[in-house]
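Trainee: Questions regarding the structure given below will be posed in turn.
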Amino acid sequence: MKIVICPDGEQATLLTARVMEDAIRQQPDIALGLATGRTMEKVYAALVQAHHDRGLDFSHCQTFNLDEYVGISASSAQSYRTYMNTHLFSRVNIALSATHVPDGMATDLAARCLDYEKSLLACGGVGLQLLGLGENGHIGFNEPFSAFTSRTRVVTLDPATREQNRGMFDDNLDHVPYHAVTMGVGTILDARRIVVLATGAAKASVLADMIEGPLTASISATALQMHANCLVITDEAAAATLSRRSFINHLMQHDAELQGLLS
């Protein structure tokens with residue numbers, strides 16, 4: 001795991017977008033694993049700008065989103081399909097047929113989850129997976145006690161997650177679904193590269209757990225410690241409780257790859 005601590009959230013966001021842009025330029029037909037959330041909106045805005053200003057080409061990419069709510073149609077304003085269409089897909093040159101979001105309205109959800117896994121395999125797997133970090137330590141919707149070997153499946157959402165996401169549902173907790181479809185922890189770990197973006201003081205405690213804590217199913221993000229190519233991009237506020245800040249800074253200064261990113 002490599003860690004970059006940026007001065008603020010804006011710089012962390014721009015660096016994340018740059019990592020994704022570089023990956024697309026190096027492998028135009030890359031399969032991207034994508035995340036949602038308020039933090040990611042700025043990442044996608046930066047990628048859209050790269051498309052318009054620097055000709056970043058999405059025409060050969062495929063994308064696979066981490067998750068979707070069960071019982072929310074793709075056309076709903078609250079769906080992650082709508083989120084992705086709004087913030088990225090409709091604003092760059094990618095065919096909608098090349099974009100994949102789990103189907104939360106499927107009659108047979110288990111079969112559709114299996115199909116999602118097959119689609120990932122058929123395209124050769126995710127080349128770069130973008131992740132956020134939930135305040136309870138989830139990645140995707142892999143809530144506490146998710147097995148590290150888990151695959152795409154239906155999960156029950158943690159009450160804390162439903163509370164955190166109520167803003168998407170007119171601030172009405174009763175409208176937030178109890179279930180979602182999510183890539184599993186094992187599915188996420190299959191990605192060849194992972195970049196995690198975590199910013200803000202609210203993420204400080206769980207970020208420290210993810211990076212420095214023991215492996216535990218109670219915090220699914222700790223599984224990322226086992227990934228061979230995971231980059232964590234954070235800001236000073238989120239990194240505030242890391243106990244090895246000085247060593248992280250030392251590594252940043254003497255790692256040629258990280259210095260290349262930061263130059």
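Trainee: Find the centroid of the Cα atoms in the range 42-117 and in the range 214-245, then give the distance between the two in whole Å.
Mentor: 26 Å
Trainee: For a label point 7 angstrom out from the Cα of A160 toward its Cβ, which stretches of the range 175-218 have the backbone nitrogen within less than 12 Å?
Mentor: Inside the label zone: 203-207, 209-210, 218.
Trainee: Within 12 Å, Cβ to Cβ, of M84, how many net charges do the neighbouring residues add up to if Lys/Arg are +1 and Asp/Glu are -1?
Mentor: -1
Trainee: Would you grab the residues whose amide H sits under 5 Å from the one on V126? Only those 5+ places off in sequence or on another chain, please, with H modelled 1.01 Å from N.
Mentor: Hits under the 5 Å cutoff: R192.
Trainee: Order 86-94, 254-262 from most to least packed using the mean count of other Cβ atoms within 10 Å.
Mentor: Sorting 86-94, 254-262 by mean packing, highest first, produces 86-94, 254-262.
Trainee: Oh, and also: Report, in deg cm²/dmol and to the nearest 500, the calculated mean residue ellipticity at 222 nm for the chain, where each DSSP H run with n ≥ 4 adds -39500 (n - 2.57) and the sum is divided by the residue count.
Mentor: Value at 222 nm, helices only, nearest 500: -10500 deg cm²/dmol.
Trainee: So, one more: For the chain, which DSSP H helices look membrane-span-like by this rule: Cα extent along the axis of 15 Å or more and mean Kyte-Doolittle of at least -0.5?
Mentor: Qualifying helices, which must be both long enough and hydrophobic enough, are 9-26, 109-122.
Trainee: ³J(HN,Hα) across the range 224-241 via Karplus (A = 6.51, B = -1.76, C = 1.60, θ = phi - 60°), whole Hz, x for Gly/Pro?
Mentor: 5, 4, 8, 7, 6, 9, 10, 10, 9, 10, 9, 10, 4, 5, 6, 8, 4, 9
Trainee: Give the lysines reachable from K42 as a straight Cα distance under 20 Å; neighbours fewer than 8 places away on the same chain don't count.
Mentor: K203
Trainee: Roll a 1.4 angstrom probe over the protein heavy atoms and tell me the percent of accessible area of the chain that is carbon or sulfur.
Mentor: Roughly 52 percent of what the probe reaches on the chain is carbon or sulfur.
Trainee: Which aspartates and glutamates have a Cα lying under 18 Å from the Cα of K2, excluding residues fewer than 8 positions away in the same chain?
Mentor: D22, D190, D209, E212, D235, E236, D255, E257
Trainee: Starting with the highest mean, order 16-23, 128-135 by the number of other Cβ atoms within 10 Å, averaged over the residues of each peptide.
Mentor: So the peptides 16-23, 128-135, ranked by packing, come out 128-135, 16-23.
Trainee: Next question, about the same structure. Using amide H atoms built in the peptide plane, which far-off residues or other-chain residues are under 5 Å from N65 H to H?
Mentor: For N65, the qualifying residues are L34, H100, V101.
The values are calculated or read from the model by the stated rules, or taken from the named source; none is laboratory data. None of these values were measured; they are calculated from a predicted model. Don't worry about glycine lacking a Cβ; one is built from the backbone with ideal geometry, like all the others, and counts go over all protein chains shown. The protein model used for the area step is the full one, side chains on, heavy atoms only, and it has no ligands, DNA or RNA in it. Shrake-Rupley method; radii C 1.70, N 1.55, O 1.52, S 1.80 Å.
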